[in-house]
1. I'd like the full set of residues that are surrounded by fewer than 17 Cβ atoms within 10 Å (Cβ to Cβ) and touching a His at 6+ places or on another chain (Cβ under 8 Å), limited to the range 17-50.
2. Enumerate the pairs (first residue in the range 76-88 and at pLDDT 90 or above and assigned to a loop (DSSP other than H, G, I, E, B); second residue anywhere and exposed (fewer than 14 other Cβ atoms within 10 Å of the Cβ) and hydroxyl-bearing (Ser, Thr, Tyr)) with beta-carbon separation below 9 Å, excluding pairs fewer than 6 apart on the same chain, so at least 6 apart or on different chains.
3. I'd like the full set of residues that are among the charged types (D, E, K, R) and either part of a loop (DSSP other than H, G, I, E, B) or touching a Ser or Thr at 6+ places or on another chain (Cβ under 7 Å) (or both), limited to the range 1-31.
4. For residue 47, state whether it is under 19 Å from residue 17 (Cα atoms) and among the polar types (S, T, N, Q).
5. Restricting to the range 51-72, and then to whatever is touching a residue at least 40 places away in the same chain (Cβ under 8 Å) and surrounded by fewer than 20 Cβ atoms within 10 Å (Cβ to Cβ), can you tell me which residue is farthest from residue 6 (Cα to Cα)?
6. Of all residues in the range 5-18, which are at pLDDT below 95 and farther than 13 Å from residue 67 by Cα?
Amino acid sequence: MMKDPYSIIKHPVATEKAVKIMETENKLTFIVEKKATRTEIKKAIETAFTVKVLKVNTVVTPKGIKKAYARLSPANPAIDVATQLGMI
């Protein structure tokens, strides 16, 4: 059984860098649960925002916070999802 997507995805990141990669690389950036795997993160994003995720990269910051960079399918512009979320 899949966990609730919102227990995996904590919140989107809306920094200047995040907005820049959103525009240039069609990627969304999220702060996620530290124990979540890339596959779980991908499924959670696809479920929560009804988009197609091509790839997920993760990084744990020196503060111990896990960030996920989700590359979306060209059919789903990241800007549109960010607008839905009220980030832009």
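1. The one that is surrounded by fewer than 17 Cβ atoms within 10 Å (Cβ to Cβ) and touching a His at 6+ places or on another chain (Cβ under 8 Å): 31.
2. 76/50
3. Answer for the range 1-31, where residues must be among the charged types (D, E, K, R) and either part of a loop (DSSP other than H, G, I, E, B) or touching a Ser or Thr at 6+ places or on another chain (Cβ under 7 Å) (or both): 3, 4.
4. no
5. 71
6. Hits for the range 5-18 are 5, 6, 7.
The values are calculated or read from the model by the stated rules, or taken from the named source; none is laboratory data. Because the structure is predicted, anything quoted here is derived from the model rather than measured. Please note: Cβ atoms are built from the backbone with ideal geometry, for glycine as well, and neighbour counts cover all protein chains shown.
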